[in-house]
Amino acid sequence: MRFQDKVAVIASGGTGAGLACARRFLSEGARVALYGDTEELQKEALELEASYPGRLLAIRIRDYRNREELTAAARKALKEFGTADILVTAITTKPKNAPEEDEEEYQRILHTILDGALYSVQPYMDTLINNRYGRIVLISSLAGRTNVPGASPAYAAAHAGLGGMARNIGCTMGIYTITANCIAAGALEDGSYDDCAPGACDGRISGREKGRLSDVAAAVEYLAADLASWTTGETLDLNGGRFMT
Amino acid sequence: MKKLENRVAVFIGGGSAVASVALKYFIAEGASVLQVDVAEPYFERTRDIREEFPNRIHTFLGACTSQEDMDQAMAACEEQFGRIDIVCNFAGFHGAGDVTSVLKSQWDLAMDVTCLGIYRSTKAAFPYLKKNHYGRIMNFASIGGRANRGVSITYAASKAAAIGLTRSLALELAPYGITVNSMAPASLDTSAFERIPEHGSIPHEPPKGALTGGPGATRGGSFIPDRPLATLDEIAHALIFLCSEDSAFLTGDCLDINGGQFMQP
């Protein structure tokens, strides 16, 4: 039970990666607050709630651009579990008309991805600062790291922004022994992070051209552990060898 | 569930302080390990755990500067443990000097140990990893090869070469189900270990005006207060991740472990 006494908050939107992280943390003894934005995710979360009674709190989020909604979600989670240790954001969205998006779509993409991460994390910072402990992991896309044919410009910018955000949080919050890191995911089995031409994000490892959602969960586990205390402001390029830096 | 159950690892430079601590973690996670190093005194550091697990930890005397030694080490591992899954390349040589003062002998040794050593051990291990269509190769680099840091020119170049070699090997070995990654820690807390001087090393004199190596030498400094160094336990945690099935989708990456001293996009 590697995360026996920990509380993890996972904000998931547009991807199955958040659910995979929730499963992982629950199996390792943690209590988990899981935000989800779809009926399907809610359904899965409710099943998990039954398997781990008292340890999973499922919270429905209508709109990741809504600061009030995310603040209220945090209040609910903190009331239920009393504290928070690990914050994971896995919030993304599929662009609709890339690369010809109009103003409205551009704003939607940017704010869902960037504001969603910020507003999910922000309301917990007082708790983390008081505890002098925190593990923040922002999951982003390969498209924010390098040229990916077919990617939407707003999508690429927003996901790149998550890297900057993680570095900044690592920089400003390090004094409270809070770490913040980023995972840039390539092609995953549910296609959630590869807004690109078909195959353009695929990995190179035989048998692992698409990453599993459990691979993302494993990388989150690495960054969220107590012993990852000296890793901060880093971006893990989790893409099966598609892009290396 | 243990992360390295029934896996077999070869530690090149297994007598180093980092590897000596990592060994405890590898054993706890279910692995067996062949420690390879150039001289017996290095193995003294892990005598206790070896006595506790005689069937799971063996030693081999050999240098990564010799292809023959590496070939024999891998063959010995296969013979003694029945397989190879993981190769951890810990061996490195600091070297001394700046661009005006560096001796050819220092340059050659740094490149030979730190960069070519990885090539030799990988070449030797490849047939055994290929056989199982599985492999984890970890190359121990340094922030000295990633950032502007007041280390010797030999260190900066050979560590950066090791990181570049990591990427090349990652691409080449991906079709065989083998991942290759590196890690780039900043300064480590090796105070628990008595220093064994590197064979061939000479004192390093930083040029006038250079930032000397050590915590805070990179612009920015650590953002995590009250301590300037990584612990070897923190390093071991990252090693377990890179050497286990948890990192199946990660290859050609370099993990930075520096307390926030250097954050590159």
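Results, tabulated for the structure shown:
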{"read-out": "In region A:24-36, the residues that are free of Cβ contacts under 8 Å to residues at least 40 places away in the same chain and open to solvent by 20 Å² or more (accessible area, probe 1.4 Å)", "value": "A:27"}
{"read-out": "Leading residue by the ranking (most open to solvent (accessible area, probe 1.4 Å)) among those in region A:222-237 that are at the interface with chain B (Cβ under 7 Å from one of its Cβ atoms) and in a helix (DSSP H, G or I)", "value": "A:227"}
{"read-out": "In region B:3-18, the residues that are hydrophobic (A, V, I, L, M, F, W, C), more than 23 Å from residue A:2 (Cβ to Cβ) and buried (at least 24 other Cβ atoms within 10 Å of the Cβ)", "value": "B:10, B:11, B:12"}
{"read-out": "Residue match in region B:68-91 (condition: touching a residue at least 12 places away in the same chain (Cβ under 8 Å), of a type outside the set (A, V, I, L, M, F, W, C) and in contact with an Asp or Glu (Cβ under 7 Å, 6 or more places away or on another chain))", "value": "no"}
{"read-out": "Any pair with Cβ under 6 angstrom, 6 or more apart, that starts in region B:166-180 at a residue that is at the interface with another protein chain (Cβ under 7 Å from one of its Cβ atoms) and closer than 21 Å to residue B:246 by Cβ and ends at one that is part of a helix (DSSP H, G or I) and open to solvent by 10 Å² or more (accessible area, probe 1.4 Å)", "value": "B:176/B:130"}
{"read-out": "Hits in region A:194-221 - residues which are closer than 28 Å to residue B:185 by Cβ and open to solvent by less than 30 Å² (accessible area, probe 1.4 Å)", "value": "A:203, A:205, A:211, A:215, A:216, A:217, A:218, A:219, A:220, A:221"}
{"read-out": "Inter-residue pairs, beta-carbon under 7 Å, first facing another protein chain (nearest Cβ under 8 Å) and in region A:157-173, second surrounded by fewer than 20 Cβ atoms within 10 Å (Cβ to Cβ), 6+ apart", "value": "A:163/B:265"}
{"read-out": "Selected residue (only one of B:170, B:174, B:160 is open to solvent by 10 Å² or more (accessible area, probe 1.4 Å) and either modelled with pLDDT of 95 or more or not polar (S, T, N, Q) (or both))", "value": "B:160"}
{"read-out": "Some residue of region B:238-252 being at pLDDT 75 or above, closer than 17 Å to residue A:182 by Cβ and assigned to a strand (DSSP E or B)", "value": "no"}
{"read-out": "Pairs where the first residue, in region A:68-82, is under 21 Å from residue A:112 (Cα atoms) and the second is among the acidic types (Asp, Glu), C-beta under 8 Å, 6+ apart", "value": "A:69/A:63"}
{"read-out": "Where residue B:228 falls short, out of the listed (1) open to solvent by 10 Å² or more (accessible area, probe 1.4 Å); (2) over 21 Å from residue A:211 (Cα atoms); (3) within 8 Å of another protein chain (Cβ to nearest Cβ)", "value": "(3)"}
{"read-out": "Selection from region B:97-128 of residues that are open to solvent by less than 30 Å² (accessible area, probe 1.4 Å) and over 19 Å from residue B:13 (Cβ atoms)", "value": "B:97, B:98"}
{"read-out": "Helices (runs of 4 or more DSSP H) completely within region A:65-163 that count 2 or more residues being among the hydroxyl-bearing types (Ser, Thr, Tyr) and within 19 Å of the chain's Cα centre (by Cα)", "value": "A:116-121"}
{"read-out": "Subset of region B:1-30 (residues that are in a helix (DSSP H, G or I) and under 18 Å from residue B:241 (Cβ atoms))", "value": "B:18, B:19, B:21, B:22, B:23, B:24, B:25, B:26, B:27, B:28"}
{"read-out": "Checking residue A:209 against (1) within 12 Å of chain B (Cβ to nearest Cβ); (2) part of a loop (DSSP other than H, G, I, E, B); (3) acidic (Asp, Glu); (4) under 16 Å from residue A:18 (Cα atoms), the condition it does not meet", "value": "(4)"}
{"read-out": "Check on residue A:47, touching a helix residue (DSSP H, G or I) at 6+ places or on another chain (Cβ under 9 Å), of a type in the set (Asp, Glu) and either open to solvent by less than 60 Å² (accessible area, probe 1.4 Å) or farther than 21 Å from residue A:93 by Cβ (or both)", "value": "no"}
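The values are calculated or read from the model by the stated rules, or taken from the named source; none is laboratory data. Quick caveat, the model's predicted, so the values are computed rather than measured. Reconstructed Cβ throughout: ideal geometry from the backbone, glycine too, with neighbour counts over all protein chains shown. Ligands, DNA and RNA are excluded from the accessible area calculation, which covers all protein heavy atoms including side chains. Shrake-Rupley method; radii C 1.70, N 1.55, O 1.52, S 1.80 Å.
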